[in-house]
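Reviewing the structure listed below.
Any read-out appearing in this document is the output of simple, stated calculations on the displayed coordinates, not a laboratory observation. None of these values were measured; they are calculated from a predicted model. Here the Cβ is made from the backbone with ideal geometry for all residues, glycine too, and neighbour counts use every protein chain on show.
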Amino acid sequence: MRNFLRDNGLSFALSAMFLASLAGMALTGHAARNQELTEHGQAAIGFGAYLSGGVFLSALFENWESEFLQMSVYVVLTAMLFQRGSAESRDPDDPEREGDEVPWRKRHPVLAWLYERSLGIALAVLFVISFVFHWWFSVVAANQEATLHGRAAQSALEYLGDSQLWFESFQNWQSEFLSTALLVVLSIFLRHRGSPESKPVAAANDETGA
């Protein structure tokens with residue numbers, strides 16, 4: 001059991017942090033939503049109704065969307081581009097890695113191509129799914145707000161061209177790309193002992209890869 005926890009400690013820690021953050025988002029979001037409803041003379045809603053409503057689910061998938069976009073783009077870009085000196089890049093002088101060729105490539109070229117790119121593809125699919133859910137629940141949330149303010153509701157197709165939907169997406173996308181770019185650049189000059197995201201402490205700044 002101890003070995004199992006040690007071998008999967010990173011997954012467990014991140015999962016616990018995710019669940020704690022999700023609970024915090026749900027609790028504080030519920031309180032904020034009821035405060036807003038009260039200010040507009042509406043009745044407060046229960047916790048279950050809030051969790052299944054457009055406001056909460058739109059915000060949830062809005063954030064997931066940006067994370068999966070950032071990760072999928074990063075996986076693909078690091079397979080194509082270089083950053084000399086970064087722990088996050090392949091060495092531009094020696095870009096090939098051992099084990100990148102699958103032994104059954106000639107027998108199943110299509111399956112081999114898909115498997116070789118399966119991580120980036122999976123993350124891209126998760127991004128698309130999250131974006132669709134963000135879009136859909138944003139329509140629900142926007143129409144709830146429209147009802148509160150006496151405005152006409154919009155269809156899902158109409159809302160796809162609404163600036164609010166894209167503002168919600170772009171405000172998250174920019175922060176994801178900024179943080180990733182900073183990680184790439186800062187890992188050239190800075191170190192964190194023991195982390196695979198960092199070069200060894202004694203490595204030169206122009207040494208590329210962790």
| request: Please find, within the range 38-62, the residue that is nearest to residue 170 (Cα to Cα) out of those that are touching a residue at least 24 places away in the same chain (Cβ under 8 Å) and surrounded by fewer than 16 Cβ atoms within 10 Å (Cβ to Cβ). | output: 51
| Hits in the range 75-100 - residues which are of a type in the set (A, V, I, L, M), part of a loop (DSSP other than H, G, I, E, B) and touching a Gly at 6+ places or on another chain (Cβ under 8 Å) | 87
| query | Taking the condition in contact (Cβ under 8 Å) with a residue 24 or more places away in the chain and buried (at least 16 other Cβ atoms within 10 Å of the Cβ), does residue 168 pass? | reply | yes
| query | Is it true that residue 32 is exposed (fewer than 14 other Cβ atoms within 10 Å of the Cβ), under 25 Å from the mean Cα position of the chain (by Cα) and not in a loop (DSSP other than H, G, I, E, B)? | reply | yes
| What tally of residues in the range 3-23 results from selecting those that are over 16 Å from residue 64 (Cα atoms) and in a helix (DSSP H, G or I)? | 11
| query | Looking at this structure, is residue 72 under 20 Å from the mean Cα position of the chain (by Cα), of a type in the set (Ser, Thr, Tyr) and surrounded by 18 or more Cβ atoms within 10 Å (Cβ to Cβ)? | reply | yes
| remark: Okay, helices (runs of 4 or more DSSP H) sitting entirely in the range 101-194 with 1 or more residues that are within 17 Å of residue 59 (Cβ to Cβ) and among the small types (Gly, Ala, Ser), I get 118-148, 163-189
